[in-house]
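A.B. asks: Mind looking over this structure? Questions follow.
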Amino acid sequence: MKYTFTEKKFDASGELREYSQKKIGKLEKFFKNESDAFVTFSYERGRYTAEVTIRNNGMFYRVTETTSDMHASIDSAVAAIERQIRKNKTRLEKRLREGVFEKEAIANEFYQEPEEPDEFKIVRTKKFSIKPMTVEEAVLQMNLLEHEFFVFKNQDDEENFAVVYKRKNGGYGLIEGV
């Protein structure tokens, strides 16, 4: 597993990084391919926060835990991600299609160029691969990331681009490209 550490208002010691690698490394047993782990340590108002994001084959698992001790935050985050992986791996394997965790993500890049730089200022750009998936998989991925929307290629609709989003009154919405 490849680790990336980020610190916000907190200086992580080498011992804390090793502890994190040891704990998060136990999650490797769930993945057949190389995974990336992004760990963010932060401290605010006497509370320590550990945010752990794991990327494997286009699937993301993210958890944020806040406690009064950084080691406890890491332990809680790893336990929560393990629960997410167990719950959703079984669900995806049974309900959607066989082998969803073994397939490689298709390497497409998404980038939006601003049309009029004077009126619209882009402050952050993200690039990510977009793999074909069903609407159910996209909703599951959006919930795992705790995002409000998720862009994907709809494998049920000739792999056109689509967006699922959370509606304010509950439920989900789907925007499909033509």
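A.B. asks: Grab the other residues whose beta carbon is less than 9 angstrom from that of Tyr3, score K and R as +1, D and E as -1, and report the net. Provide the component values of the computation, followed by the final result.
C.D. replies: Details: positive: Lys2, Arg17; negative: Asp36.
Around Tyr3, the charge tally is +1.
A.B. asks: Quick check: the distance between the Cα centres of region 125-171 and region 9-61, to the nearest angstrom?
C.D. replies: What the calculation gives is 24 Å, centre to centre.
A.B. asks: Can you work out the FRET efficiency for the pair Tyr172 and Arg86, with r the C-beta to C-beta distance and R0 = 22 Å, to the nearest 0.05? Show your work: numbers first, answer last.
C.D. replies: Details: r = 24 Å, r/R0 = 1.07.
Using R0 = 22 Å, I get an efficiency of 0.40.
A.B. asks: Pairs Lys22/Lys131; Lys126/Lys168; Lys26/Lys89; Lys9/Lys87; Lys2/Lys121: which exceed 27 Å Cα-Cα? Walk me through the numbers before you get to the answer.
C.D. replies: On the way: Lys22/Lys131 30 Å; Lys126/Lys168 25 Å; Lys26/Lys89 16 Å; Lys9/Lys87 33 Å; Lys2/Lys121 33 Å.
Table pairs above 27 Å Cα-Cα are Lys22/Lys131; Lys9/Lys87; Lys2/Lys121.
Each value in this text was obtained by applying a stated rule to the coordinates, not by laboratory testing. Keep in mind that what you see is a predicted model, and the values were worked out from it rather than measured. Note that we place each Cβ from the backbone using ideal geometry, even for glycine, and neighbour counts take in every protein chain shown.
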